[in-house]
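So the structure is just underneath, and the comments pick up after that.
The values are calculated or read from the model by the stated rules, or taken from the named source; none is laboratory data. Note that the structure is a prediction, hence the values are computed from the model and not measured. Don't worry about glycine lacking a Cβ; one is built from the backbone with ideal geometry, like all the others, and counts go over all protein chains shown. Only protein heavy atoms, including side chains, enter the accessible area calculation; ligands, DNA and RNA are left aside. Shrake-Rupley method; radii C 1.70, N 1.55, O 1.52, S 1.80 Å.
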Amino acid sequence: MKFPQPVSTQWIADLIKAQVIGDTQAIITGINEIHKVETGDLCFVDHPKYYETCLKSDASFIIINKAVDNAYGKTLLVCEQPFEAYLTVVEYFKPFVPATEMISNTAIIGEGTTIMPGVFIGHHVRIGRNCIIHPNVTIYDYTEIGDNVVVHAGTTLGADAFYYNSKRDRAVWYKKMKSCGRVVLEDDVEIGANCCIDKGVTHDTRIGSGTKLDNLVQVGHDVVIGQNCIIAAQVGIAGATTIGNGVNLWGQVGVSKTLHIGDGANVLAQSGVPSSIEGGKTYWGTPAVEAQTKRKELVWVKRIPEIWEKVKNK
């Protein structure tokens, strides 16, 4: 999330009651979680296991729970509870504003767009020209939709990320990491019925132009899907994964988090993708491997009883 206007490190430190180690007048442009952080951003870390990862990231400013060796030149904001500090910053810049009407008067809807009965459109939503939003679609605050987009009945755009801060030394183990990102649908996207596309935690969940989603697809937070992809029914894509252009994910494919699928990859039905895969190839199975390799494996699996009999009779 980028701030409406940049603020000084000291201003943020005063807001979250932190001690600054570094330049108090350095300018912070936004706040992001570790997978999406950019230069100029503020990030947080509250466990030694992740100190090094955070210090090596593109973050310029880090909320942290202890002073550490800082060979990477970051500006540190030290406070007892970095996660609570993160929530304070997010709630200040993007507070929850209840809806009072089905279509917010802050929404901008383009010429030629059809909004069917029962659609909810939240605050600061932007919808382009010549779109069709079918009945009972829910569009959360700050969602952005391009031109010529179709969203079918019952779909939800912009629900919160399934993303929690986990600590077992407190009564509630999983505390919600408030989502302040957006969903962005580019031009000529079509979203099937009863899909769920979660907003980014602090960045955008984005679906590229020309991409088509079937019914009952789940797209997790901060996922980026490229242009002209086909995502078939019951596919689930976990958070912060990047999918290239022209990718096909067929029915019930499961994609794990924070990985990359290359341009033109074709993943056959009911496959599981636990790690990054190259583009331009067809994959099958769990874990997904090149389909031809998997077919050869199955041939050998079918021959196991025959081979076993030969071994026993030697």
> Which ones in segment 91-103 are open to solvent by 50 Å² or more (accessible area, probe 1.4 Å) and within 25 Å of the chain's Cα centre (by Cα)?
Replying inline: GLU91, TYR92, PRO95, PHE96, VAL97, PRO98, ALA99
>> Looking only at segment 195-206, count every residue that is over 27 Å from LEU42 (Cβ atoms) and in a strand (DSSP E or B) and tell me the total.
In response: 1
>> Being among the aliphatic types (A, V, I, L, M), surrounded by fewer than 23 Cβ atoms within 10 Å (Cβ to Cβ) and out of contact with any Phe, Trp or Tyr (no Cβ under 7 Å at 6 or more places or on another chain) is the requirement here; does ALA161 meet it?
In response: no
> Can you tell me which of THR88, THR106 is surrounded by fewer than 20 Cβ atoms within 10 Å (Cβ to Cβ), part of a loop (DSSP other than H, G, I, E, B) and β-branched (Val, Ile, Thr)?
Replying inline: THR106
> Within segment 62-85, how many residues turn out to be part of a loop (DSSP other than H, G, I, E, B) and at negative phi?
Replying inline: 12
>> without any contact (Cβ under 8 Å) to a residue 60 or more places away in the chain and either open to solvent by less than 20 Å² (accessible area, probe 1.4 Å) or among the small types (Gly, Ala, Ser) (or both): which single residue out of ILE31, ILE64, ILE21, ILE12 fits that description?
In response: ILE64
>> Checking ILE115 against (1) open to solvent by less than 20 Å² (accessible area, probe 1.4 Å); (2) without any contact (Cβ under 8 Å) to a residue 40 or more places away in the chain: exactly one of these is not met. Which one?
In response: (1)
> Which residues, taken from segment 212-236, are surrounded by 20 or more Cβ atoms within 10 Å (Cβ to Cβ) and among the small types (Gly, Ala, Ser)?
Replying inline: GLY220, GLY226, ALA232
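Results for (1) out of contact with any helix residue (DSSP H, G or I) (no Cβ under 6 Å at 6 or more places or on another chain); (2) within 30 Å of MET1 (Cα to Cα); (3) assigned to a helix (DSSP H, G or I); (4) not charged (D, E, K, R), shown as yes or no for each residue.
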{"position": "GLY210", "(1), (2), (3), (4)": "yes, yes, no, yes"}
{"position": "ASN215", "(1), (2), (3), (4)": "yes, yes, no, yes"}
{"position": "ASP222", "(1), (2), (3), (4)": "yes, yes, no, no"}
{"position": "ALA240", "(1), (2), (3), (4)": "yes, yes, no, yes"}
{"position": "ASN245", "(1), (2), (3), (4)": "yes, yes, no, yes"}
{"position": "LYS294", "(1), (2), (3), (4)": "yes, no, yes, no"}
> With respect to the numbered conditions (1) in contact (Cβ under 8 Å) with a residue 60 or more places away in the chain; (2) crowded, with 20+ Cβ neighbours inside 10 Å, which one is the sole condition not fulfilled by ILE261?
Replying inline: (1)
